[in-house]
Amino acid sequence: MNYVNHTLSNIVLPKNDDPLGGWDLYIKPDRDASCTSVDDGVALQGSVDLFTYFNACSLAKWTKYTGIQRVHLHLELADSNINSEYSCTIQFFGRSYLDSRAQPLASGIRLNRSMAIEREEGVLEFDLLIPETKHEVVGFSLDVRGSVTLKKAHYYARVAEEQINPVKLALCTTTFLKEDYIVPNIELVKKEILASDEAIAQNFHMFVVDNGRTLDVGALSDDGVTIVPNANVGGAGGFARGMMEALGSDAGFTHVLLMDDDVSISTESLKRTFNLLSLAAGSYKNAFINGAMLIAEEPNRQFEDVSYVTSTGVYRKVKSTKYYVDQQRYIVRNEHIDVEVPNAYGAWWFSCIPISAIERVGLPMPLFVRGDDVEFGIRAQATYMTMNGICVWHDGFTGRFRASVDGYQYVRNLLIMIATSGCASDKTFMMRVERGVRLQLKAMAYDAADLYLDGLEDYLKGPDFLASLDGEKVMKEKGQKNEKLLPLEELEPQYRNIKYSKRLLGEESVIDIPLKLVRSLPYDRHLLPDSLLRDTPEVVFYSGLSVFSPRTTATKTLVAMDLDGQHAAVRHMDRARHRQVLDRMQRLKEDWKQRGDEVRQAYKDAQPYLTSVEFWKKHLGIDDASAR
């Protein structure tokens with residue numbers, strides 16, 4: 001049996017003084033130490049810690065997913081002062097979930113020439129076996145005397161060639177008028193993936209599905225990148241087209257990696273994904289890999305990696321959103337928490353799917369946006385793998401609300417998911433729909449309440465209606481109902497200087513349980529006579545999920561403000577509109593009670609066709625010749 005060294009993960013060295021996420025995600029110098037990015041690596045002085053989000057080794061995960069037991073570290077150091085004694089010492093550490101701090105695995109090792117190979121002048125290569133340990137995550141520090149340049153490094157394992165899976169990875173990103181993101185990402189892939197000397201370079205292709213049809217196909221396409229002009233059919237249609245490109249290719253792709261266009265990436269995430277797929281063993285050979293989303297505005301904070309749908313139809317994260325991955329305890333906790341849960345899904349900002357799963361369960365449902373990734377993950381009954389360093393940075397979602405998406409699309413699409421997969425109770429979810437409508441009415445957001453009901457009404461029209469929808473047209477029409485927030489200076493003078501508290505707005509990170517209960521009280525200002533109401537304007541959060549303070553409950557005028565307090569819309573009580581929305585909700589509830597079982601079965605019966613290549617070719621208006 002022939003054994004080879006197989007790379008697990010690269011040590012990521014910042015290429016400039018302002019790396020993605022900040023230095024603490026890569027290298028942490030002690031107080032008197034320094035790290036400086038140079039052309040051929042990172043110059044180090046003093047004691048530096050590489051037990052970090054990108055540069056620690058997730059030993060327990062590698063063992064679980066691939067079966068490997070021992071890990072090696074390869075280092076390449078350059079320093080004219082390296083001599084027969086040493087210029088730096090390496091110390092290995094391990095840490096598990098219950099540990100209060102990282103534990104030394106053995107005594108520090110003094111690096112010297114006798115331990116190294118010099119393949120080029122002035123550069124010494126060290127191969128070190130990490131001490132055997134049961135710790136979940138391992139890493140190392142370097143104590144440098146003088147100055148040493150760390151040029152390259154990676155973790156690797158000795159494996160039999162027969163253990164290595166043949167992997168052909170198709171990256172599919174769907175874009176719509178996001179050139180500022182997608183073009184730099186294309187160039188980054190070309191430079192750091194396709195032009196690299198790693199195995200992924202010869203087993204990788206990038207498909208960019210251009211829903212906006214604005215990219216220069218000739219200038220951006222080459223042997224490693226294909227630009228695919230596409231109709232604007234939302235994320236679901238764009239990713240369906242990308243899957244079809246991979247399925248129809250003669251390249252023999254084994255996996256499709258779906259990635260949003262408006263993300264910032266480290267190409268190590270792509271390499272680490274490829275390396276993990278190459279060694280995945282047992283049941284994990286058919287597992288999905290989902291990358292974490294780090295918040296662009298707080299680039300050291302992880303927002304989500306894997307989530308699931310509860311029996312009440314709530315999207316819930318497996319892990320807290322308060323994982324600060326520049327801190328060692330969260331680096332370890334991230335790898336300890338089990339993401340293999342029922343009704344799991346991985347968001348498509350970075351989700352790697354086996355081709356075999358697509359062949360087994362079909363393409364995405366034509367949901368346009370919101371929930372296409374959820375529906376697919378649940379339908380595939382996916383097992384997810386996650387790992388530190390497999391991630392993207394994406395703008396955060398706090399304070400972002402569009403009723404056309406978070407009302408209409410959410411209600412319609414989740415009801416479809418419940419019908420096709422049984423992932424939640426439709427009766428319980430209908431209670432949530434009614435609650436959402438009433439919360440919007442409390443805040444006098446009549447159009448938003450109507451959009452919730454639009455979602456229910458369109459769901460009840462059945463799968464034939466869904467199949468025939470022009471998603472772009474529908475979203476434009478629904479978007480006209482979204483509340484328009486204006487800069488405060490454009491409001492009338494009496495509405496410009498109102499004070500507000502974030503605690504009473506809808507930000508989940510600052511709202512506590514008692515306030516959430518207050519929000520749910522069955523109160524509605526429309527039930528009070530005018531004699532008990534004031535005209536004095538008060539502030540609420542524009543999403544409609546505000547907590548109502550006593551000041552807001554008895555006024556006929558609300559200033560709906562964003563979290564930054566810079567933009568707002570003024571709302572006035574409309575009793576007739578309130579009654580109109582409630583009457584409509586009652587009619588739709590009665591319709592659902594009478595026809596709910598019939599509609600639910602119709603969606604279930606239609607799902608195989610709505611996820612087929614045949615349907616998507618028709619929906620996208622393409623023929624066999626253009627669908628690869």
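Every condition in (1) open to solvent by 30 Å² or more (accessible area, probe 1.4 Å); (2) in a loop (DSSP other than H, G, I, E, B) holds for Leu215 except the one numbered (1). Based on what the data block shows, is Arg110 more than 24 Å from Asn300 (Cβ to Cβ) and touching a Phe, Trp or Tyr at 6+ places or on another chain (Cβ under 8 Å)? Here the answer is yes, as Arg110 does meet what is asked. When the range 73-107 is filtered for residues that are of a type outside the set (A, V, I, L, M, F, W, C) and modelled with pLDDT under 90, the ones remaining, listed by number, are Asp79, Ser80, Asn81, Asn83, Ser84, Glu85, Tyr86, Ser87. Say whether the condition of being of a type outside the set (Val, Ile, Thr) and within 21 Å of the chain's Cα centre (by Cα) is met by at least one residue in the range 243-254. Yes, because at least one residue in the range 243-254 is of a type outside the set (Val, Ile, Thr) and within 21 Å of the chain's Cα centre (by Cα). In the range 16-31, the residues that are charged (D, E, K, R) reach residues that are open to solvent by 20 Å² or more (accessible area, probe 1.4 Å) and not in a strand (DSSP E or B) with C-beta atoms within less than 9 angstrom, at least six apart or across chains, in these pairs: Asp17/Trp23; Asp24/Asp326; Asp24/Gln327; Lys28/Asp326.
Looking across the range 379-403, just one residue is surrounded by fewer than 24 Cβ atoms within 10 Å (Cβ to Cβ), among the small types (Gly, Ala, Ser) and more than 30 Å from Ser58 (Cα to Cα), and that is Gly399.
Within the range 112-130, being farther than 15 Å from Lys152 by Cβ and surrounded by 16 or more Cβ atoms within 10 Å (Cβ to Cβ) holds for Asn112, Ile130.
The residues listed here are Arg70, Arg110; of these, the one that is among the basic types (Lys, Arg), modelled with pLDDT of 90 or more and touching a strand residue (DSSP E or B) at 6+ places or on another chain (Cβ under 6 Å) is Arg110.
Selection over the range 19-53 of residues that are of a type in the set (Val, Ile, Thr), more than 25 Å from the chain's Cα centre (by Cα) and open to solvent by less than 20 Å² (accessible area, probe 1.4 Å) gives a count of 2. Considering Gly396, Gly362, Gly389, which residue is at positive phi, touching a residue at least 60 places away in the same chain (Cβ under 8 Å) and in contact with a strand residue (DSSP E or B) (Cβ under 8 Å, 6 or more places away or on another chain)? Going through Gly396, Gly362, Gly389 in turn, just one is at positive phi, touching a residue at least 60 places away in the same chain (Cβ under 8 Å) and in contact with a strand residue (DSSP E or B) (Cβ under 8 Å, 6 or more places away or on another chain): Gly389. Name the single residue, out of those in the range 600-625 being under 10 Å from Pro364 (Cα atoms) and hydroxyl-bearing (Ser, Thr, Tyr), that is surrounded by the fewest Cβ atoms within 10 Å (Cβ to Cβ). Only one residue fits best here, namely Ser612. The residues of the range 170-189 that are within 19 Å of Leu20 (Cβ to Cβ), open to solvent by 40 Å² or more (accessible area, probe 1.4 Å) and either without any contact (Cβ under 8 Å) to a residue 24 or more places away in the chain or not in a loop (DSSP other than H, G, I, E, B) (or both), listed by number, are Asp180, Tyr181, Val183, Pro184, Glu187, Leu188.
The values are calculated or read from the model by the stated rules, or taken from the named source; none is laboratory data. Just so you know, these numbers come straight off a predicted model, no measurement behind them. Cβ: placed from backbone, ideal geometry, glycine included. Neighbour counts: every protein chain shown. Heavy atoms of the whole protein, side chains included, go into the accessibility calculation; ligands, DNA and RNA do not. Shrake-Rupley method; radii C 1.70, N 1.55, O 1.52, S 1.80 Å.
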